[in-house]
Structure formats: structure tokens, C-alpha cells
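*Asks:* I have a structure I would like to understand better, so I am pasting it below and will then ask my questions one at a time.
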């Protein structure tokens, strides 16, 4: 799989005050989205360098922003902790790789709009602390030379659920990656700040809950093409539910103590009875199951057992609700109430 270079903002705090230190990436995003940033111009023009300079000046005292500003304001500046710094004025792209293993990176680009403004995107990610990168979107207003947060931009919803976002240094499309994908999904730029959402496969992460030999078949009720015989904690993405059967996404299986994934035959299916997720009812309260993938629908039953193991049997459009079975009880539950980790609780 292609190595992903993720774009990130920083881990050591956000903003200029001492109180802003040690914020999480999400907290940084929340603070940043409140900001209105003054952007300088060069000979009356504003490009990626001026946009990046405005952002870095707005948040003095934040480590990555200070380094970015040093590179922008001090000709010939070098820092051995910066693995790579890119300022591509011709393509409207900037990035700074703060450490060699790409755990702290900032990436920024823009698209020109018909009103002479700019749509500006900044991606941020903390490899050690965050499950997915966050994207922030701004509109540059040439009338007052400011960057204003575009909180309601559809891009913010389009990128959700992906492991990585790659902003374009060349071209105009945004790449959306998942860790086991051979190719990215594309947010195709249609012009004037509008992107076309990709046709995405809704998938569901779960684990093998079978204690014996687990069969994987080439079709629902088909021929066995692989068997899991060794004990372990196995996890996988599944999709395309079909009457109690699930297709294995990208035909890949993961064992928690193995560095490399297990590659299955191209067409791989597994039955819901050997798949599991656990409830997140850590407060001990009974967990309701619904008649439909909607919390306003009738409750068909409640599971009293804390962290009970349930079996996924179906998934609603959008991937936010899963139908599960527990003994003789079957009903719908939000994926937010499920934990896909077989060895520990979920946050």
C-alpha cells in the first residue's frame, strides 16, 4: 500500500497563551474555527506564502506555527527537527514535516473562487493520539484580507470516516485514504469551491468471536477458502451484508500481535455468528435495541449485561446503525454504542 503522508497541526498546544498548552488536536480545531485571521499581502497579492504567514502569526507560541513562521520570515533558516518543508507558491501548497516519521505535520492549500476569494484547507493529525486527521476549511475574503472559518462547508462531512486526507500539491482533487485500501477515494473538484463526494463503501469493524476453527468462504454458504485455526485476537472490516453473511473488506484480516495483515482470497465471506462487537454500556445501564435504525423507533428489547458480546447481522445505509443479535433478541443499535476492540474497552 502507498505510504500515507498525513497533514497535521501540532501537539504541543494551540494559541499564544500559556493556558492554551497541551490541547488535543480536536481542541485545537475547535479553537481555530473561532478565529478570524489577518492575512498580509506581498505587492498587493496574496498566495499560499501569505496565507501560511497569516496563520502562523495568529498563533504565536504554538510550536509548529513558530517553526513555520521561522521558515517564512528568516531566509535560509534550518531546523534539524524539521524533516521537510515545502512552500510551493506556483501550486498554492505548503507543508512542514516536523519529525522524521511524519507524526506531526501541517499541510495547507487553496482553490481560487469566482468572487476573487479563496477556499483554504488545512489538515491536521496527531499520529499517536488521534484516530483520524481533522480538516479545517476557511474562506479568504479579499475585501478585508482575512481568513474566516467556513464551519458549514460540506467538505467537513465528506472527509469523515477516513484514516487519511491528502491535500493536493498538484491538481485540485483531495485524496481520501483508508489504511487497507490500494487506491484512494477522490473528492473531485468541480470548480468555485465545490467538490463531488465519492461513492464510498460503508464498512464495519469487528472481531472474530469464534473460539474454534473459523471458516471463511468464497460466497454466502459457499466453499471454504480459508480457515483461522490458531488462537488470537483477529479483527476485520466487513461490508455488503447478505442475509447473515458479510463480505470481508479488501479480503484482509488483522491479528493484534502480528505486524503484517493476513491476506485472504479475493472473494471472502464470513457468517455473522462468528463475528462480534461489545456494548459500550460501561455505566451498567441496560442497552436498548430498536425496531429500526432510528432512536425514535420502538424499543424491541434491552440488554442488561454490561459490555455484552453481540453479533452484527446487518447494516443500515450510511453505516451509522447496525442490526445485532443477542441470544433470541435482534434489533438495531447505533455504532457509537459498540466497541470493536476484542481485548480492551473503547474510549
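Values quoted throughout were computed directly from the atomic coordinates according to the rules given, and no laboratory measurement underlies them. Computed from a predicted model, the values in this text were never measured in an experiment. Cβ placement follows ideal geometry from the backbone for every residue including glycine, while neighbour counts extend to all protein chains displayed.
*Asks:* Of 209, 259, 90, which is the most mobile in a GNM of the chain whose springs link Cα atoms less than 10 angstrom apart?
*Replies:* 259
*Asks:* Turning to a different aspect of this structure: Helix 48-58 against the longest principal axis of the chain: what's the angle in degrees, Cα atoms only, rounded to the nearest 10?
*Replies:* 80
*Asks:* What shape does the stretch 204-339 take by its C-alpha gyration tensor, where a ≥ b ≥ c are the square roots of the eigenvalues and a/c under 1.5 counts as rounded, a/b above b/c as prolate, and the rest as oblate?
*Replies:* Prolate is the answer for the stretch 204-339, as a/c is 1.5 or above and a/b outweighs b/c.
*Asks:* At R0 = 56 Å, how high is the FRET efficiency between residue 336 and residue 45 if r is their beta carbon distance? Nearest 0.05 is fine.
*Replies:* E(calc), rounded to 0.05, equals 0.75.
*Asks:* Oh, and also: So if R0 is 35 Å, what FRET efficiency would residue 215 and residue 90 give, r being the distance between their Cβ atoms, rounded to the nearest 0.05?
*Replies:* On the way: r = 55 Å, r/R0 = 1.58.
Given R0 = 35 Å and the Cβ-Cβ separation, E is 0.05.
*Asks:* Mind telling me which of 54, 319, 222 comes out most flexible in a GNM of the chain, alpha-carbon contacts under 10 Å?
*Replies:* Of 54, 319, 222, the most mobile in the Gaussian network model is 222.
*Asks:* What is the chain's relative contact order, in percent, from Cα pairs under 8 angstrom and six or more apart in sequence?
*Replies:* Details: 773 pairs, mean separation 36.7, N = 347.
Relative contact order of the chain: 11 percent.
*Asks:* A follow-up question, please. Where does helix 63-73 land angle-wise versus the long Cα axis of the chain, in degrees 0 to 90, nearest 10?
*Replies:* Computed tilt is about 40 degrees.
*Asks:* Mind checking the full-extension length gain between residue 229 and residue 305? Use 0.36 nm per residue of separation minus the Cα-Cα distance, one decimal, nm.
*Replies:* Fully extending the segment from residue 229 to residue 305 adds 24.4 nm.
*Asks:* Which FRET efficiency, nearest 0.05, do residue 74 and residue 285 yield, Cβ-Cβ r, R0 56 Å?
*Replies:* 0.45
*Asks:* Need one number: nm distance between label points at residue 38 and residue 267, each 7 Å from Cα along Cα→Cβ, rounded to one decimal.
*Replies:* According to this spin-label approximation, the distance is 6.5 nm.
*Asks:* Something else: With springs only between Cα atoms under 10 Å apart, run a GNM on the chain and tell me which of 305, 50, 196 wobbles the most.
*Replies:* With Cα springs under 10 Å in the chain, the top fluctuation among 305, 50, 196 is at 305.
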